[in-house]
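Q: Provided herewith is a single structure, encoded as structure tokens, for subsequent inquiry.
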Amino acid sequence: MSGRRPTPDPTCILRAGSAAVTALQFWLQSGEIDASRLLTGAADGSIQVWDVKARRAVVRLQHGRGGTGVLSLQALPDESFLSHGRDGNVLMWTPTAKGWVDTCIAQCTDVGFCGCSVSQSLLAMPGSNGQSLQVVDLVGHQVAHSFAVDRAVGMPMCLKLQRSSKSGRAFLCVGFEDGSVSTWDLTAARLVSSTQVHPEAVMCMDVDDSLTGVSGSTDHEVFTWKCEDDEPKRANCVTVTNAGVASVKIRSDKRILALGCWDSNVRVFGWKKQKPLAVLNYHRETVQCLDFTCSETGTNSLAAASKDGLISLWSLY
């Protein structure tokens with residue numbers, strides 16, 4: 001990655017515990033320029049809410065019993081958030097005068113590694129035994145859509161709900177065990193595209209609001225693709241030095257792409273042309289999850305979490 005900028009040091013390190021950190025999300029409160037809180041979840045089911053400025057956990061919770069791992073966390077606009085665990089339960093956490101209360105709002109029998117995704121009032125998650133996909137209306141807590149999955153593609157490995165900035169329509173993009181990526185138009189309730197992107201399982205993916213996606217797998221190649229005319233087309237390929245990409249994240253301003261890799265590094269690229277910008281080296285094990293906070297007048301930060309139980313915060317351009 002010649003020509004990249006000098007590697008910065010992390011601005012802060014948060015120690016979540018001995019368990020691998022498996023999910024994180026910046027939590028932007030109403031009226032805030034910069035996110036003051038960070039949600040993290042771990043393989044032992046622990047959930048922490050961090051005060052980013054104070055650099056300490058202010059809330060500690062537990063998803064389920066018996067060390068159920070957290071697959072994903074989704075902040076909601078009303079001071080509550082969702083946790084999806086390997087027990088198949090999606091819990092809504094709500095603050096009360098007596099503390100945080102959890103309510104199970106959705107369940108699935110799939111025990112894989114595919115977490116849920118939220119867009120406005122819709123929640124997408126794997127369905128029964130990984131052979132279907134469900135979209136739940138968070139207002140009525142009812143299943144709004146259910147899509148069958150061809151057994152030939154294997155289990156869903158990762159998914160993303162995204163609304164098109166052009167049409168406002170909601171789309172569900174899913175990466176599968178066989179390396180294919182499929183997209184459903186939720187407004188029309190139909191499959192609009194499916195293509196083979198990787199030779200092996202899709203390990204991670206993200207999609208921006210122009211419906212341009214990026215996905216990584218177990219090899220050295222990270223592909224970007226665009227859903228156009230009912231056919232997703234591979235646009236570019238980024239090759240990383242060491243095989244294995246566990247997490248990808250596109251910044252909301254569509255300027256920066258980050259990859260969390262098996263070799264413990266975070267690789268940063270320009271999103272438009274996938275130009276390499278930096279390699280962030282701090283963690284000792286796989287970087288499993290990433291998130292950005294981005295504002296025109298505030299701080300642009302990247303959070304990265306690893307199997308080593310640490311969360312690193314970075315200030316990026």
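The values are calculated or read from the model by the stated rules, or taken from the named source; none is laboratory data. Everything quoted here is computed from the prediction, not taken from an experiment. Because the Cβ atoms are built from the backbone with ideal geometry, glycine has one as well, and the counts that use them run over all protein chains shown. Just so you know, the surface numbers come from the protein's heavy atoms only, side chains and all, with ligands and any DNA or RNA stripped out. Shrake-Rupley method; radii C 1.70, N 1.55, O 1.52, S 1.80 Å.
One line per residue, one yes/no per condition, for (1) free of Cβ contacts under 8 Å to residues at least 40 places away in the same chain; (2) open to solvent by 10 Å² or more (accessible area, probe 1.4 Å):
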{"residue": "146", "(1), (2)": "yes, yes"}
{"residue": "173", "(1), (2)": "no, no"}
{"residue": "178", "(1), (2)": "yes, yes"}
{"residue": "197", "(1), (2)": "yes, no"}
{"residue": "215", "(1), (2)": "no, no"}
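Q: Across the stretch 75-106, what is the number of residues that are among the polar types (S, T, N, Q) and open to solvent by 30 Å² or more (accessible area, probe 1.4 Å)?
A: Summing the residues that are among the polar types (S, T, N, Q) and open to solvent by 30 Å² or more (accessible area, probe 1.4 Å) in the stretch 75-106 gives 4.
Q: Say we look at the stretch 54-74 and pick out the residues that are under 18 Å from residue 113 (Cβ atoms) and out of contact with any strand residue (DSSP E or B) (no Cβ under 8 Å at 6 or more places or on another chain); which of these is least open to solvent (accessible area, probe 1.4 Å)?
A: Here the residue is 67.
Q: Which condition from (1) surrounded by fewer than 18 Cβ atoms within 10 Å (Cβ to Cβ); (2) more than 25 Å from residue 246 (Cα to Cα) is the one that residue 113 breaks?
A: (2)
Q: Given the structure, is residue 28 at pLDDT 95 or above and not polar (S, T, N, Q)?
A: Values: at pLDDT 95 or above: no; not polar (S, T, N, Q): yes.
No.
Residue-by-condition table, conditions (1) outside any strand (DSSP E or B); (2) modelled with pLDDT under 95:
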residue	(1), (2)
50	no, no
53	yes, yes
65	yes, yes
68	yes, yes
71	no, no
78	yes, yes
82	no, no
93	no, no
104	no, yes
